[in-house]
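Below: the structure, in structure tokens.
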Amino acid sequence: MSGLKRALDRLAHWLPAPGDARLIPAADLAAADLDLPPAGEALRRLLEALEREADLSAFGRLSTRRDLRRLLRLRRRLHETLRRAPESERQTLAAPIFITGLPRSGSTFLHRLLAQDPAQRVVRHFEALDPLAPNDGPDLRRVRTRAQLAFIERLAPELAGLHPLTSDTPQECTELFAASFRSLRFDTTYDIPSYRAWLDRAGSRDAYRFHRRVLGVLQARAATAPRWVLKSPDHVFSLDDLLAEYPDARLIFTHRDPLQVIPSVVRLTAALRGMFAEAIDVAALAREQLARWSEGGQRLARARATASASGTVLHLEYRELVTDPLDAVRRIYAHFGLPLEPAARAAMAAYVAAHPDGDYRSHAHDLERYGLSAAEVARAFEDYLDAYAPEREHAAWRRRRAPDRRGVPQGRV
């Protein structure tokens, strides 16, 4: 825990309690616009899980309260905008590109790389937090976002190396889903298993309907209809809902060795949850993330069996992406039949030159630090590895799953 976090928790304990101490005051709930698409049940489930399971610190509770009230205000403003400008609802979002796959598999780097093409449109971080530019007066969204990011960097300094952000970097779809209250963004930042289980059962179709509304508002202000490039590993858990709302979507699945994925995602999730919770049980978190992303790997394996014959799906290995990013881009454009203009190619080359490591610092991730072994990760990802491990690596993975001569699974490779 950072010194700033400890100081803020002490300060929050001394602050006078608000008259209505609930995470969302009754007056805010009464004024909330929770229709189109409906969000009342999702918000109720989220609030119950936060109260019962999240183990919020004093500062975490204040921060969460502020964030939830902001999302209600954003939702209300969005509906008012759509009533005033119904043309946003009629926008055609043709063949958007969605990047998904295992977390920490290069999808963020790829998203930022593709964003260098001026023919393509991404949702910037400041837009994801507030997609509604003011009709009059200065647009202070970037200023507010920079201030927020500077505060987060002091609160959790390790995040800058794990997932660097600026006000203009492309943001994930889970932030766009947040005001629908059906978003795994909440599951990432809080330990709320009942909410995640409910969302898995209920599905995310309403989240994608809300997502389309936000993109429509952003696109209505553009001179021409852009080609959207969108991204989140969490799409893995809702591919059917994604394709129901965007039937012509193009999908890029990114893949990486789970031995690298799991400890990296545990470290990132611990850093995020640590900003809001009293304490983090890292070993329990590691088990949770292994089970969660093992399920994600199984879904990816099923997706390969059902969708990979389609020209709308492309698989990209992390190693390919980091070894030769521009060749990976060439493959993507050729696969989807898109023109790669010289200006776009030059902009991407300049980005790679300026960000040769994707702006990520090198981290040594040790599974044993989190109470895991290589053998159990390999077993958990067996279906995924059978579907995606390159032939040159597949034998090594089978050795990871096999017991050693003493009958003990091999823990290190």
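Here, each number is a calculation from the coordinates, and none is a lab measurement. Computed from a predicted model, the values in this text were never measured in an experiment. Cβ: placed from backbone, ideal geometry, glycine included. Neighbour counts: every protein chain shown.
Considering only alpha-carbon pairs that sit under 8 angstrom and 6 or more positions apart, the relative contact order computed for the chain is 22 percent. Amide hydrogen proximity for VAL313: with H placed 1.01 Å from N in the peptide plane, the residues at 5 or more positions away or on another chain lying under 5 Å are LEU251. Annotation: peptides 264-272, 67-75, ranked by per-residue average of other Cβ atoms within 10 Å with the highest first, follow the order 264-272, 67-75. Considering every Cα-Cα pair within the stretch 117-253, what fraction, in whole percent, is farther apart than 24 Å? So the portion of pairs separated by more than 24 Å is 36 percent. The residue list ALA271, TYR246, ALA291 was ranked by how far each Cα lies along the charge dipole of the stretch 227-291 toward its positive end, using unit charges on Cβ atoms, and ALA271 comes out on top. Taking a sphere under 15 Å around the Cβ of ALA291 and counting the other residues whose Cβ falls inside, with K and R at +1 and D and E at -1, yields a net charge of -4.
Matching the structure-derived Rg and Dmax of the Cα atoms in Å against the labelled list (1) 22.9, 76; (2) 21.6, 73; (3) 20.7, 74 gives the label (2).
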